[in-house]
Amino acid sequence: MATIAYEPKRPNIATANVQLPAVRDYEQVDDEITASLRPTKAWFAALLLAMSCLAIGISAWMYQINQGLGVAGYNPPVMWGVYIITFVFWVGIGHAGTLISAILYLFRAGFRTTIYRAAEAMTVFAVMTAGLFPIIHIGRPWKFFWLIPYPNWRLLWPQFKSPLIWDVFAISTYLTISTTFLFVGLIPDIAVLRDREKNPTRRAILAFLSFGWRNTEREWRHFARAYLFLAAVSTPLVLSVHSVVSFDFAMALTPGWHTTIFPPYFVAGAIFSGIGMVFTIIIPIRKWFNLKHYVTLNHLDAAAKLCLFTSMVVGCAYMVEFFIAWYGGVAAEQDYFWNRVFGQWWWAAWIMLTCNMILPLSLFSQKLRRNPTWLWMLSITINIGMWFERFVIVVPSLSHEFEPWQWTTYAPTWVDYSILLGSFGWFFMWFLLFIKQLPVIALAEVKEIVPPRLKRAHAHTPDTADDFEPETPGAH
Amino acid sequence: MRGVLGHFKELDSAVDAITELKHKRLGDVTVFTPTPRHEFEAAVQPPTSPVRRYMLVGGLSGCIFGYWMAIWASNYWPLVVGGKAISTWIPYTVFGFEVFVLVGALSTVAGLFIHARIPRLTMTVGYDPRFSRGDYGIWVECTPEQFASAEALLKKHGAVEVRGER
C-alpha cells in the first residue's frame, strides 16, 4: 500500500511564516487559551472601570435628552461636532478587524493567526459603538427610525442619491458581515468549549451555539470554502465602507472636504487606527493571560510593520492635501489649510501630525517594533492622533467656510466629553465580556500551525523552546 | 447507523487507515479532526465544495435587488436632486455593491449550513469529545458482518481504541 506524503504540497493557510515553538500539541492549545476564560480580579476591575465610564456617558446623554442639544458644544455653522467625529473614529477602529481576518487571510499572512479573533471582536463592538452616534447626534433619539430609508407617509422620501443613505447601507452591511464572519469562525471553537464544559446549563448553551459541530472532514471542507469566500467579499467591503463614509464629506463643496483623495485617505487612516487599537488590546491580553508564546514578538513585529506602512500612507495623504490646496490655486482652500496648520486649529493639527505621522516613524527601529511596552504606548498616541484627525477634518472646515462672516469657533462641552468617555466604556465592556465567554485566540487556526502528533518523525518538528521571545528577530 | 469507530492519536496513522479503508471499500468513512488537514483531504478525496455557487447566485441576486430597490423607490417617489435624472445608475452602484456583499455572504453561510448539515440536533453515533481536543477519529459505517475486518484494520494502523456502535 502506498503511503501518503505527510508534508502537504501546499501549506495549510495559517502556516505561512509563523511557528509557535513553545506550543507542543493541540491539548496545550486548548488548555492554555481556554484558561483565559476564567475571571480574575484584574478582569473584574477592568469591567467595573468600563461600566463606570459607560454610566458617566449614559448620564450625560440623559441630561442632553432632557435639556436639548444646546448643552453639546454645537456653534452654528459647526453643526457636526464630537458625535460625528467619534462616529467616524469608531468606524475606523472597526476596519482593522476585517482587514486582519479577511485581507491578511487572502494574502496568507501567518502573523494574523493569533491576533485576528481579538481584532474581529473589536470590529464588531467598534461598529456597534459607532452606530450609537448618529442616534445621539440627532438629539431626539426616539425619532431615530426616521433615519431608516424606507418609503413612508411622512414626506421623508428615501433619497438614494444622498451619501448619508449610502452610509446607512454601508455601515449596516459591514456590521452584519463582520458579525457573521466572527460567528462563523467561532463555531468550531465553541464546539471545543462545549466538549470541555462540565456545567450542564452552560454545556446546553454552548451546544446550541455550536450548532452540533462535530469536527468532521466534511464540515471542515465546506467551512474552509465558506470562510474563503466570506474573506473574498469582505475585502472589497472593508475598502468600500470607509470610502462611503468619506463621501459624507467629499460630496460637499466645503473647503477641505471636496477632494477626490478622501476615499483612499480615509481607508488608510481607518486601517491605521484599527491596528493601533489592536495593539492597545492585544498587548495587555498576551501579558495578563500568559499568552506571550502565542502572540509572540515576531507577530507584533510583523503587525508593527503594517502599522508603519499605513502610517506612511496616511502621512502621504496629509502632504498631498496640502499640495492640492497649494497647486489648485483656490483661495478658500489655501486659506483653510493655512488656518488648519498655523491658525485657529494649529494645536489639533499638530497633535494629529505628531501622533500619526512622526511618532510611528520610530517603528523603523527593529528594537522598538519588538518592544511591547513601546508599541502599547505608541498605540495610545495613535488612538489619540486618529481621533484628532477626524476633529481636524470636521471642525476646521465647518468653522472656516467661504463666507468670513460665518467664521466661528467650536469648543466641546463636558457633555460631549462624557459621551465620548462613555463610548469607550461601552466598547470595552462588550470586549471584556467577550473575552470571558469565548476564546480570544482562535483555537482551530492555532492548531493548524502546531505540528500534528505523528507516528513517523516530522521533518520540520521544531525543538520545544522556552525562549519564545528571542532577541534575534525572525528566529523561529 | 451502524459501524465501527476508531480513535487515533497520530495523524499519519489515521491517514494510513483511511487510505486502506478506501482501498478495501469497507464502508462509508467519516473522519473527525480537531483542525482541517490537507492530508485527510488527500486521503478521502472528496468532491469540491459547492458553497461557491451560493456565493455566486446570492451575490448576483443581491446586486440586482440593490439596483432595483433604488430605481423603483426613486421612480415611485420621484424627487429631482441637483438637476440629475430621477434614476441614475452611478450613485446606485453603492446599493448594488452593498447588497451584493450582504446577500452573497449570507447565502455562503447558508450553503455552509446546508452542506455541512448543521445545525444538528443530536451528535448521533460515532462522535467523541476527544475529537475536538486533539485526537482523530474514523467512523466506518458498515454491516455487522464487516465489523471484525474493520476493527482489525483500524487496530493494525494504530487505533488506540476501537468500538462498534449501533
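Rule-based calculations on the coordinates, nothing more; no lab input. Please read all numbers here as calculations on a predicted model, not as lab measurements. Don't worry about glycine lacking a Cβ; one is built from the backbone with ideal geometry, like all the others, and counts go over all protein chains shown.
Listing for the model above:
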{"item": "Separation of the A:Phe402 and A:Asn66 label points, Cα + 7 Å toward Cβ, nm", "result": "4.3 nm"}
{"item": "Neighbour-count ranking [beta-carbon atoms within 10 angstrom, fewest first] of A:Met377, B:Met1, A:Met122, B:Met55", "result": "B:Met1, A:Met377, B:Met55, A:Met122"}
{"item": "Sequence-distant aspartates and glutamates (8 or more away, or on other chains) whose Cα lies within less than 15 Å of A:Lys143", "result": "none"}
{"item": "Selected from B:Thr19, B:Thr93, B:Thr108 as most flexible by GNM, with chain B as the system and alpha-carbon contacts under 10 Å", "result": "B:Thr93"}
{"item": "Between helix B:51-76 and chain B: long-axis angle, C-alpha atoms, 0 to 90°, nearest 10", "result": "20 degrees"}
{"item": "Most mobile of B:Tyr92, B:Tyr76, B:Tyr127 in a GNM of chain B (Cα contacts under 10 Å)", "result": "B:Tyr76"}
{"item": "Sorted by Cβ density within 10 Å, fewest first, the residues B:Tyr67, A:Tyr26", "result": "B:Tyr67, A:Tyr26"}
{"item": "Residues A:Cys307, B:Cys63, sorted so that the one with the fewest Cβ neighbours within 10 Å comes first", "result": "B:Cys63, A:Cys307"}
{"item": "Whole-Å distance, taken between Cα centres, linking the range A:374-418 and the range A:120-198", "result": "25 Å"}
{"item": "Gyration tensor verdict on the range A:87-179 (Cα atoms; rounded if a/c is under 1.5, prolate if a/b is larger than b/c, oblate otherwise)", "result": "prolate"}
{"item": "The protein assembly as shown, Cα convex hull volume normalised per residue, Å³", "result": "172 Å³"}
{"item": "Given A:Lys436/B:Lys155; A:Lys436/B:Lys9; A:Lys198/A:Lys287; A:Lys305/A:Lys447, the pairs whose alpha carbons are separated by over 32 Å", "result": "A:Lys436/B:Lys155"}
{"item": "Test item: B:136-143 mean partner chain Cβ contacts at 10 Å", "result": "1"}
{"item": "Virtual spin-label span in nm between B:Val81 and B:Thr143, 7 Å along Cα→Cβ", "result": "7.0 nm"}
{"item": "Residue with peak Gaussian network fluctuation, chain B [Cα springs, cutoff 10 Å], from B:Phe147, B:Phe97, B:Phe32", "result": "B:Phe97"}
